[in-house]
Amino acid sequence: FTRAAELGNADAHYRLSLLYHNGKGIEKDGGKEMYHLKEAAIGGHPKARYNLGIGEWNNGNTKKAVKHWIIAATQGHDGSINELMDEFRGGMVSKDVLSAALRAHQAAVDATKSPQREAAEEYSYD
């Protein structure tokens with residue numbers, strides 16, 4: 001994954017962040033984990049963006065967490081929608097913001113639909 005990340009592959013950055021987080025085959029390193037997670041998010045990786053939101057939430061930065069989840073939701077990430085709905089119920093996200101995120105999420109999901117993708121989902125390892 002290292003070479004692919006050096007070439008700017010967002011998924012490679014995301015997978016490296018997981019390796020550094022879990023310490024699988026490599027020593028745990030929070031700094032490198034965050035570096036690769038941020039690079040993946042900048043590169044458009046929705047799970048990375050979601051995980052940044054979780055990190056901000058855990059650090060008490062609710063506003064930053066919500067911003068990350070909005071971006072991930074607009075990329076079609078379901079977990080981010082769930083987090084935004086929870087924050088709406090808690091009064092941290094307005095109805096307008098949630099509605100806009102839901103519309104953008106649906107547009108992203110619709111844009112990726114195809115019979116080939118649906119067939120491939122059956123064989124997904126995620």
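Just so it is clear, none of the values below were taken in a lab; they were calculated from the coordinates. Given the structure is predicted, the values throughout are model-derived calculations rather than measurements. Please note: Cβ atoms are built from the backbone with ideal geometry, for glycine as well, and neighbour counts cover all protein chains shown.
Need one word for the stretch 60-110: rounded, prolate or oblate. Basis is the Cα gyration tensor (sqrt eigenvalues a ≥ b ≥ c); a/c below 1.5 gives rounded, then a/b vs b/c decides. It comes out prolate by the Cα gyration axes.
Taken one residue at a time, the phi angles of the stretch 64-70 give Karplus couplings (6.51, -1.76, 1.60, θ = phi - 60°) of 5, 4, 4, 4, 4, 5, 5 Hz. Gly and Pro are set to x.
How much length is gained on full extension from residue 112 to residue 4, taking 0.36 nm per residue of separation minus their Cα-Cα distance?
On the way: separation 108, 0.36 × 108 = 38.88 nm, distance 2.38 nm.
Using 0.36 nm per residue and subtracting the Cα-Cα distance, I get 36.5 nm.
So which trypsin sites (Lys or Arg not before Pro) in the stretch 1-32 end up in coil per DSSP with only 14 or fewer other C-beta atoms within 10 Å?
Details: sites: 3, 15, 24, 28, 32; in loops: 24, 28.
Those that pass, being in a loop and sparsely packed, are 24, 28.
Checking every one of the GluC sites (Glu not before Pro) in the stretch 31-126 against DSSP loop status and a limit of 13 other Cβ atoms within 10 Å picks out 122.
Restricting attention to the chain, lysine pairs at least eight places apart or on different chains and with alpha-carbon atoms under 23 angstrom apart total 19.
3J(HN,Hα) couplings calculated from phi for the stretch 79-93 with the Karplus curve 6.51 cos²θ - 1.76 cosθ + 1.60 (θ = phi - 60°) are, in sequence order, x, 5, 4, 4, 5, 5, 5, 4, 5, 5, 4, x, x, 8, 10 Hz; Gly and Pro show x. When a/c reaches 1.5 or more, the comparison of a/b and b/c decides; with that in mind, is the chain rounded, prolate or oblate per its Cα gyration tensor? It comes out oblate by the Cα gyration axes.
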